[in-house]
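Trainee: This is the structure I want to talk about, given as structure tokens.
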Amino acid sequence: MGAEREAETSNQVSGGQLGNVVMAREISGPVTFTTAGRGVPAYLQDPSRWPLAGEWDALTAGAHRARPDDSGDAVPPYVPRDQDELIRARLRHAAETGGLVLVVGDSTAGKTRACFEALRTQLPEYRVAAPTAGPNLVTVVEVIDRTATRCAVWLDDLESYLGAGGLEPGLLAEFGRLRIPVLATMRHQQFEIFTTPGDTEGAGTEHTRSALTGARVLRQLDIVEIDRLWSAGELERAGEADDDRIADALTHHGPYGLAEYLAAGPALLQEWHRAARPGGHPRAAALIAAAVDLARTGLAPPYAVRLLTKAHEPYLTAAGGPLLRPESLDTALAGQRRACPRVTAMASAELVQPRREMRRTSDSVGQQSHANRELVTTNQWTLTLPRSFSRISVASSR
């Protein structure tokens, strides 16, 4: 009534990004509050912790591991690709004006390695920010804006970043405003999923909205495509490389790309080891072990079902036999393709087919496993020698 009215307190927040705000006229003592908001990894907030492009590692960038050489290096020398100059020219332009350079191709076509070499050679003094998800990409852009650090953004498998809360048209525009060069890769299959109009049913769902947002981003880009199969010029340059792994790939790659062949050995070996574990595909693993050792004896594939059936049993028994609960023979021969489609297309499904792929599979896996494998068993030699002599006799009579 006659008391003096307390002055009103007015607080405003403007600019930047709205976070947690406490509004009060006067605060005495500490204030603590807890939020379930998105945590930002510490390394993403400090560009000085990001690697320099010229010192970055190809495997860290996402390049496929190949069979290690005698020094243990799992990254073969780089063989220049036909699209290298285009990728590098666009990256240099993006460093001046900002923007996203997208390289599209099949799995193991060599996209990541080509982009890595472009970044390493063209912008060696740039810091490399490699966020692991879309929301972290937003944080990276904010950090670059705040610190004015000269950085390039690396987005291997771009589909992981597209959509609301990640890479959307507004953020793409920010790359240009801040002059941030962004280098990205994407598989053809994923690119088609985003860019091919789909069923509009359920257009209100979050997944569909993210897909539409990603499509709007991709439509603004002029992509660079890398072929899985190497051109004559690329194969000629590969022949000039002083590396046994590349020389072997040139000899045996057949209908597969060179990069695809180089990556297949380690991938097959990992699949093979995982399959041998309980709950995996132990009979399929034993079949592959038998096929590898048959190849090591010098018996050329293809191998008949009857031979593999007899040859694989000792391997299955040695691994644990019934304790592993092995799958049936039919499942082992036919089901592995469904279980591991990307790798086993070059392996178990070809074990008994009269095709040359088994030779490449045996070579690739055999070279990977040779250092860790024991001598070929007497059982394998016993199975192999009569067939070898039979083939020699047939060849001599022709």
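We did not get these values from a lab; they are worked out from the coordinates using the rules stated. A quick note: this is a predicted structure, and the numbers were derived from the prediction, not measured. Cβ sites come from the backbone with ideal geometry, for glycine too, and all protein chains shown count toward neighbours.
Trainee: If I model a spin label as a point 7 Å beyond the Cα along the Cα-Cβ vector, how far apart are those points for residue 306 and residue 189 in nm?
Mentor: My value for the distance between the label points is 3.8 nm.
Trainee: Put +1 on the Cβ of every Lys and Arg and -1 on every Asp and Glu Cβ in region 71-118; which of 93, 72, 107 then has its Cα farthest towards the positive end of the dipole?
Mentor: 93
Trainee: Highest mean first, what order results for 228-241, 173-186 on Cβ atoms within 10 Å? Could you put the intermediate results ahead of the total?
Mentor: Values: 228-241: 15.1, 173-186: 19.7.
Result, highest mean first: 173-186, 228-241.
Trainee: Could you pull out which residues in region 43-78 have an amide N less than 14 Å from a spot 7 Å beyond the Cα of residue 147, following the Cα-Cβ vector?
Mentor: 43-53
Trainee: Now for a separate question. Working out 0.36 nm times the residue gap between residue 209 and residue 297, then minus their Cα-Cα distance, what length gain in nm do you get to one decimal?
Mentor: On the way: separation 88, 0.36 × 88 = 31.68 nm, distance 5.70 nm.
That pair, residue 209 and residue 297, stretches by 26.0 nm at full extension.
Trainee: Find how much the distance from residue 48 to residue 28 grows on full extension, using 0.36 nm per residue of separation minus their present alpha carbon separation; answer in nm with one decimal. The partial results should precede the final answer.
Mentor: Values: separation 20, 0.36 × 20 = 7.20 nm, distance 3.73 nm.
Between residue 48 and residue 28, full extension yields an extra 3.5 nm.
Trainee: Let me ask you something else. Between residue 69 and residue 107, what length in nm is gained on full extension when 0.36 nm per residue of separation is reduced by their alpha carbon distance? Mind dumping the intermediate values first?
Mentor: Numbers: separation 38, 0.36 × 38 = 13.68 nm, distance 2.34 nm.
Additional length available on full extension: 11.3 nm.
Trainee: So, one more: In nm, to one decimal, how far is the modelled label at residue 96 from the one at residue 121, with both set 7 Å along Cα→Cβ?
Mentor: It works out to 1.9 nm between the two label points.
Trainee: Here is a further query. Find which of 230, 247, 214 sits farthest along the positive direction of the dipole of region 214-255, computed with +1 on the beta-carbon of Lys and Arg, -1 on that of Asp and Glu, about the Cα centre.
Mentor: Looking along the dipole axis, the top candidate is 214.
Trainee: Rounded to the nearest 20 debye, what is the charge dipole size of region 82-186 about its Cα centre when +1 sits on each Lys and Arg Cβ and -1 on each Asp and Glu Cβ?
Mentor: Working: 11 positive and 14 negative charges, 73 e Å.
Using only the charged Cβ atoms, the result is roughly 360 debye.
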